[in-house]
Structures are given as C-alpha cells and as structure tokens.
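Below is one structure, written out as structure tokens; comments come after it.
Read-outs throughout are calculated quantities, based only on the coordinates presented, and are distinct from any laboratory measurement. Small disclaimer: the values here were computed from a predicted structure and weren't measured. Heads up, the Cβs are rebuilt from the backbone with ideal geometry, glycines too, and the neighbour counts pull from every protein chain shown.
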Amino acid sequence: MIRSQVRQLLRDETGSLSILVFALFFVLLISSLGVVDISDNFLAKRQLIEIGEVAISQAAHQISLSRYYSGNVLMDTSGADGAQFRIPLDCTKSFAIFSEKISISQLRGERITIDDWSCANDEVNATISARIPILLKLPLGIGTDGTTISSTVAATSIIGGVRP
C-alpha cells in the first residue's frame with residue numbers, strides 16, 4: 001500500500017511547472033546581472049579612454065624648442081600631399097603634463113594610475129588603469145569588490161608644413 005502511494009506521488013506532475021518557472025527566472029536573473037556588469041565595465045573603459053585622450057593630446061603639444069630650431073625634425077611621408085615634418089616633442093615636459101592631468105583625474109571616484117609611458121620619435125604612448133567598484137554586489141560575498149580597467153592611448157606631435 002505504501003509503495004503504491006509513493007509511486008503515485010512520483011508520477012504526479014503537479015508543481016513541476018512552478019519549478020521550471022523558478023529555474024528559468026533564476027537563469028534570467030543571473031544573466032541580467034552579467035549583462036549589467038559587462039555594460040558597466042564597457043562604459044568605464046570608454047570613460048578611461050576619454051580621460052587618457054585629453055591628457056595625451058595635451059602632452060603631445062609640448063614642443064622641444066631646441067630640436068625645432070636646430071632643424072632636427074622627423075619627416076612624415078604618410079600624408080597624400082607629400083613629405084611633411086613633425087614638430088619635435090620634449091619628452092620630459094610631455095610626461096610631466098600627462099602625469100599632472102592623470103593625477104587630478106578620477107574614474108568614478110577612484111585614482112587613475114599610469115602603468116606604462118613611452119616617448120620616442122615624436123610619438124607618445126601611455127597605458128593607464130583604474131580599479132572601479134562593481135555596480136551590483138551579489139549577496140553572501142559572492143564575486144569581487146571591483147574590476148580593474150586598463151586602456152592604452154597614443155598621440156603624435158602636430159604636423160608642420162612642407163619644408164622647402
């Protein structure tokens with residue numbers, strides 16, 4: 001008698017739809033949290049790139065007057081109009097301006113750090129990063145407290161006119 005009641009309970013499908021709905025809701029909830037986190041990281045990276053572009057463009061305008069007036073300039077033949085000359089950069093001033101601009105900038109209230117810097121051939125490159133807090137914290141300590149966003153920006157000096 002007990003065996004027949006157990007078999008009947010196991011064959012009864014009452015409530016199976018609610019379990020399926022709960023499972024699908026849970027999968028949808030986790031997926032939406034992931035999409036929100038990925039979108040937030042994408043926007044943070046875009047903001048970091050914008051901050052870096054402003055700083056690197058100001059750094060690329062630091063002219064080395066001694067190289068400029070001595071005629072020690074590089075020729076750039078990539079333009080369609082023929083050979084043009086790049087205005088030489090003062091790498092020391094460029095780094096000072098770049099680090100000053102980055103040091104006063106913040107990404108979502110967090111400090112931005114300079115991971116790499118190079119200045120060669122009248123071109124400046126920099127890698128910057130910031131650790132941002134996550135947008136949605138999961139309960140029970142699941143996940144991390146933040147994400148590190150990194151970006152590389154570069155610029156060349158302004159182009160002077162064609163030299164005779």
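When ARG67, ARG3 are ordered from fewest to most other Cβ atoms inside 10 Å of their Cβ, what list results?
Fewest-to-most Cβ neighbours within 10 Å comes out as ARG3, ARG67.
Using modelled amide H (1.01 Å from N, peptide plane; none on Pro or chain starts), what sits under 5 Å from the amide H of LEU107, excluding residues fewer than 5 places away?
Here ILE112 satisfy the definition.
Mind sorting LEU89, LEU135, LEU28 by how few other Cβ atoms lie within 10 Å of their own Cβ, fewest first? If you can, show how the numbers build up before the last one.
Working: LEU89 26, LEU135 15, LEU28 10.
Going from least to most buried by this count: LEU28, LEU135, LEU89.
Where Lys and Arg each count +1 and Asp and Glu each count -1, what net charge lies around THR152 among other residues with Cβ under 15 Å from its Cβ?
-3
Mind sorting LYS93, LYS137, LYS101 by how few other Cβ atoms lie within 10 Å of their own Cβ, fewest first?
Numbers: LYS93 15, LYS137 11, LYS101 18.
Ordered from fewest to most neighbouring Cβ atoms within 10 Å, LYS93, LYS137, LYS101 come out as LYS137, LYS93, LYS101.
If you take every residue apart from GLU110 with its C-beta less than 14 Å away from the C-beta of GLU110, what net charge results, scoring Lys and Arg +1 and Asp and Glu -1?
Details: positive: LYS45, ARG108, ARG111, ARG131; negative: ASP40, ASP145.
Residues close to GLU110 contribute a combined charge of +2.
Using amide H atoms built 1.01 Å from N in the peptide plane, name the residues 5+ places from LEU89, or on other chains, whose amide H lies under 5 Å from its own.
When sequence neighbours closer than 5 places are left aside, the close amide H contacts are SER64, ASP122.
Post the alpha-carbon centroid distance, segment 48-64 to segment 91-121, in whole angstrom.
9 Å
What lysines sit close enough to LYS137 to cross-link, taking a C-alpha to C-alpha distance under 25 Å and skipping anything fewer than 8 places away on the same chain?
LYS45
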